[in-house]
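> Input: one structure, supplied below.
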Amino acid sequence: PRSLKRLLRFEIIWLLLNLFMFGFCMSLVEQYLFLYLVQYFHAPTFLLGLSIFIMTVAELPFFYYAEDVVRLLKPQGVLTLAHVTYAVRVFIYTLIPKSNPWLVLLCEPAHGITFAAMWCTAVSYANQLAPTGLETLMQGFVGGFYRNLGQGLGCIVWGALWKTVGADVLYRSAATFVLLWSVAFNLVPYLRNKRRRHIEADRH
C-alpha cells in the first residue's frame, strides 16, 4: 500500500491515463485493421502480410533513434505527435476507395510514430517518473494500462459497434476522440502548472 501511494502523482496518473486512452483507440488498428481490409476492401492476404512488414520496418528508425527523438520533442511532444498522426492515419483509411485497398499501404509507415515512438517515450518517461525501487512495477503499469486495459476494453467496444455503426464511422470517431483527448492531454497540465505558478507567486 505504501509503495502504491508513492505512485499517486499527477504526472504518473496522467501518463497512465494517456496510455489507456491511446491503447483503447489503437486496438481499432492493431486488432481490427485486417478485418476492415477484408470486409470492406476485399484485400488479398498478401496485402495483409505486406502491411505488417511495412509497419515493422517503419518502427526500426524510431526504436533506434528513440532517445534523440524524446530529447528533441520531450515526452509530451512525442505523445502528442502520436495522437495527431494516429488521427490522420485512421481518417485517411476511410477516404481510400474501396476498390483500391493497396493505397492503405501508404498509411502504414505512420505506425513508426503511432507505436514505436509512442512506446519508447512512454517506457522511458515512466522510468523517469517512477519512485526509486518501483521502476519494474511502473513498467508493469505501462504495459497493463496500454494493452490489457486500453486495448482490452477497446476490442470489446469496437467489436460491439462494428456491425451496427460501421467501420468507417468507428475510424472517424476514433480520430476525433484522439484529437479531443490530445487537447485535454496538453491543456490540463498547462492549466495545472499555471495555477501552481500563481499560488507560488502569491506566497512570495
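The values are calculated or read from the model by the stated rules, or taken from the named source; none is laboratory data. Because the structure is a prediction, the values reported are computed rather than measured. Using ideal geometry, Cβ is built from the backbone for each residue, glycine included, and neighbour counts are taken over all protein chains shown. Remember, those area values only see protein heavy atoms, side chains included, never the ligands or the DNA or RNA. Shrake-Rupley method; radii C 1.70, N 1.55, O 1.52, S 1.80 Å.
> Give the Debye-formula value of log10 I(q)/I(0) at each listed q (0.13, 0.14 Å⁻¹), with one equal scatterer per alpha carbon of the chain, two decimals each.
-0.76, -0.86
> Packing-wise, with mean Cβ within 10 Å as the measure, how do 120-131, 20-31 rank, highest first?
Final packing ranking: 20-31, 120-131.
> Still on this structure: Calculate the spin-label point distance for L47 paired with I92, positioning each point 7 Å from the Cα along the beta-carbon direction, and give it in nanometres.
Between I92 and L47, the simple spin-label model gives 1.6 nm.
> Now a separate question. Relative to a virtual label point 7 Å from the Cα of S124 in the Cα→beta-carbon direction, which members of the stretch 78-99 show backbone nitrogen distances below 12 Å?
Once the point is set 7 Å along Cα→Cβ of S124, 78-79 turn out to lie under 12 Å by backbone N, inside the stretch 78-99.
> Relative contact order of the chain: what whole-number percent is it, with Cα pairs under 8 angstrom and at least 6 residues apart?
That works out to 37 percent.
> Kirkwood hydrodynamic radius for the stretch 128-181: how many Å is it when counted over pairs of different Cα atoms?
13.2
> As an exercise, take the mean of 1/r over every pair of distinct alpha carbons in the stretch 165-204, invert it, and state the Kirkwood radius in angstroms.
12.3
> Evaluate the Kirkwood expression for the hydrodynamic radius of the stretch 1-95, namely the inverse of the mean inverse distance over all pairs of different C-alpha atoms, and round to one decimal in Å.
15.9
> Put a dot 7 Å past each Cα toward the Cβ at E67 and R192; how far apart are the dots in nm?
Label at R192, label at E67, 2.8 nm between them.
> Just to confirm, what accessible area per residue do you get for the stretch 56-115 at 1.4 Å probe, in whole Å²?
Result: 51 Å² per residue.
> Can you work out the Karplus-derived ³J(HN,Hα) for every residue in the stretch 120-126? Use 6.51 cos²θ - 1.76 cosθ + 1.60 with θ = phi - 60°, whole Hz, and x for glycine or proline.
4, 5, 4, 5, 5, 5, 4
> Next up: Of all accessible surface on the chain at a 1.4 Å probe, what whole percent is carbon and sulfur?
Carbon and sulfur together cover 67 percent of it.
> Hey, in the GNM for the chain with a 10 angstrom Cα cutoff, which one of T94, T164, T114 fluctuates hardest?
With Cα springs under 10 Å in the chain, the top fluctuation among T94, T164, T114 is at T164.
> May I ask you to compute the full-extension gain from C155 to I199, defined as 0.36 nm times their residue separation minus their alpha-carbon distance, rounded to one decimal in nm?
Contour length minus Cα-Cα distance gives 11.5 nm.
> So between T56 and S99, what do we pick up on full extension, going 0.36 nm a residue minus the alpha carbon distance?
12.9 nm
> Rounded to the nearest 500, what is the chain's calculated 222 nm mean residue ellipticity when only DSSP H runs of at least 4 contribute -39500 (n - 2.57) each, over all residues?
One gets -25500 deg cm²/dmol as the mean residue ellipticity at 222 nm.
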